[in-house]
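One structure below.
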Amino acid sequence: MERAGAYGFSGAMSGAFLLSCLLFAAVSRRQRGPYMDEVFHVPQAQAYCHGRFLQWDPMITTLPGLYLLSVGVVKPAAWLLGWTGSVVCSVGMLRFINLLFSAGNFYLLYLLLFKIHQKNKAVSGFQRILSALTLAVFPTLYFFTFLYYTDPGSVFFTLFSYLMCLYGNHKTSALLGFCGFMFRQTNIVWTVFCAGNVVAEKLNEAWKIELQKKKDEKISSRKGSFSDLTRILQFLFEYLLSPKNLVTLTALTWPYIILVFLFFVFVFVNGGIVVGDRSSHEACLHFPQLFYFLSFTVLFSFPHLLTPAKIRKFLLSLRRHPVQYSLIAVISLFLIWKFTYVHKYLLADNRHYTFYVWRKVFQRHELVKYLLVPFYIFAGWSFADTLKSKSIFWILMYFVCLLAVTVPQKLLEFRYFILPFLIYRLNIPFLSLYRQLLELAFYILVNAVTFYLFLNRTFQWENSDEVQRFMW
């Protein structure tokens, strides 16, 4: 079975890579020059290719990890293969770096699924391969495989860091986390997430011991009552106040602590988290971003979250706890009222899908954003319900990281949801084979429509001769 699984995975990965190469050729043929953010990334990488490491485009907001790695791959390859002239560090050559990252992400997703769900013997090797393939072609991530953006590399190093963390190689994990940070500064949140995995594991062990001492109270770390949550928070507070426990946790997580410390040094020296153009990337408390993320997740995980059984279970929970849900609704309405921000890019750039989502849904009427609250509550409940197999400490840690990576963003941008979505999706239980195939078919359909629009439905702005294309 192991050999059959290896052959199956090799076949799936090879087939996916071949199809990606064909699609890559089509994209490169139709869009030869830099497009959208590539007009900043490509010249910057080419400057590095020519040894001009002090040259920097102030419009770029991320650190130079993508450009440094690109030069480190392309220049030796060019020397070995005898390439010279404009082909070295051309647009196509730089984009191909992300195609390699995409293959690496496929492999990492498979390894992570295997590690996270290794105790679940009911899951077949075919299901793991199918799930890895599905996540590898996740539409928002897969699209940027074919452009010179930071997303595929950012995901690669973050997933690699997470994998090493799960295997207990924390120094390697922190080093890979640093590489992810060099691609996108907000990836420091996932370094904290890796450290949180270690802390959550120790907390869960201590909590189980606590439960053994109080068997008669029948406290469960997976119950959802307010009383249980209060007890868990009290235990958490007491555990983290113990100097002995703090020393133990520090000894386990010191590589991550060093990296987080270096991040704060960077923020202090740089005067903020953004490297270049800060006027368009201001941090704020944009709490509705969490609601947008939950809606995004329901859409792309509908076989998991939007099922008749889930809806019935939610309605039953709603009937049992009307006061709690009413309070959540009131808080949600208040957060939408006071903390909704609309970025200028969202209103001005009609090349992005978010422009049409905002115009067709949220701008139809002022009340629409409030009328969506019941759906947000269902999405949040269903989202949390699929994570009930995880410990309460892991869930708390994940939600803290989710808030940290989404709420400060003023711009509604689906690319910002890629990593929190993948981390969530990796950790929820496997579906039946039928639902897995449905999810994969949906992703393939979305990708087909996206690439058709990008390649064939071009348009032009009145004040520009350049060809414009629809994209995520």
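For the modelled label position 7 Å from the Cα of ARG3 along Cα-to-Cβ, which residues of the range 92-129 have backbone nitrogen atoms closer than 18 Å? Within reach of a label on ARG3: 125-126. Highest-first packing order for the peptide set 244-254, 390-400 is 390-400, 244-254, based on the mean count of other beta carbon atoms within 10 Å.
Computed on the Cα trace of the range 289-385, the radius of gyration divided by the Kirkwood hydrodynamic radius gives Rg/Rh = 1.00. With both labels modelled 7 Å from their Cα along Cα-to-Cβ, the PHE459 to LEU403 distance reads 3.9 nm. Here's the picture: charge each Lys and Arg Cβ at +1 and each Asp and Glu Cβ at -1 in the range 333-395, and of LEU367, TYR356, PHE383 the one pushed furthest to the positive end of that dipole is TYR356.
If you take the Cα centroid of the range 392-424 and the Cα centroid of the range 70-142, the two points sit 23 Å apart. Values [x] 47; [y] 63; [z] 54 are given for comparison; percent of Cα pairs over 31 Å apart, derived from the coordinates here, is the one labelled [x].
Entry comment: accessible area of the chain is 49 Å² per residue, from protein heavy atoms only and a probe of 1.4 Å. The angle between the Cα long axis of helix 188-213 and the main principal axis of the chain comes to about 20°, on a 0 to 90 degree scale.
Estimated from the Cβ-Cβ distance and a Förster radius of 60 angstrom, the FRET efficiency linking LEU211 and SER280 is about 0.75. In this view, the solvent-accessible surface of MET93, computed with a 1.4 Å probe and all protein chains in place, comes to about 40 Å². For the range 328-472, the alpha carbon positions stretch 55, 42, 24 Å along the principal axes, listed from largest to smallest. As a fraction of the 1.4 Å probe accessible area of the chain, surface on carbon and sulfur atoms comes out at 67 percent. The spread of Cα positions in the range 1-127, taken along each principal axis and listed from longest to shortest, comes to 54, 29, 28 Å. Using just the helices of the chain, give the 222 nm mean residue ellipticity in deg cm²/dmol: DSSP H runs with n ≥ 4 each add -39,500 (n - 2.57), and the total is spread over all residues, rounded to 500. Mean residue ellipticity at 222 nm (helix-derived): -22500 deg cm²/dmol. Paramagnetic label reach from VAL39 (point 7 Å along Cα→Cβ; backbone nitrogen cut-off under 19 Å): within the range 74-99, residues 91-92, 95. The charge dipole of the range 282-431, taken about its Cα centre with unit charges on the Cβ of Lys, Arg, Asp and Glu (plus for the first two, minus for the last two), comes to roughly 340 debye. Here the scattering of the range 96-202 is modelled by Debye summation over its C-alpha atoms, one equal scatterer each and no solvent; at q = 0.19, 0.23 Å⁻¹ the log10 of I(q)/I(0) is -0.98, -1.24. Computed from phi, the 3J(HN,Hα) profile of the range 242-254 under the Karplus parametrisation 6.51, -1.76, 1.60 (θ = phi - 60°) reads 6, x, 4, 5, 5, 5, 4, 5, 5, 5, 7, 10, 4 Hz, with x in place of Gly and Pro.
Ordering of 64-70, 360-366, 270-276, 197-203 by packing is 64-70, 197-203, 270-276, 360-366, highest average first (other Cβ atoms within 10 Å, averaged per residue).
If only the Cβ of Lys and Arg carry +1 and only the Cβ of Asp and Glu carry -1, the dipole of the chain around its Cα centre is close to 1320 debye.
Here the gap between LEU229 and ILE311, fully extended at 0.36 nm per residue and compared with their Cα-Cα distance, gives a gain of 27.1 nm.
Cysteines in the chain lacking any other cysteine Cβ under 4.7 Å from their own Cβ: CYS21, CYS179, CYS284, CYS401.
The values are calculated or read from the model by the stated rules, or taken from the named source; none is laboratory data. Here the structure is a predicted model, which is why all the values come from computation and not from measurement. Please note: Cβ atoms are built from the backbone with ideal geometry, for glycine as well, and neighbour counts cover all protein chains shown. The accessibility values were calculated without ligands, DNA or RNA, using every heavy atom of the protein model including side chains. Shrake-Rupley method; radii C 1.70, N 1.55, O 1.52, S 1.80 Å.
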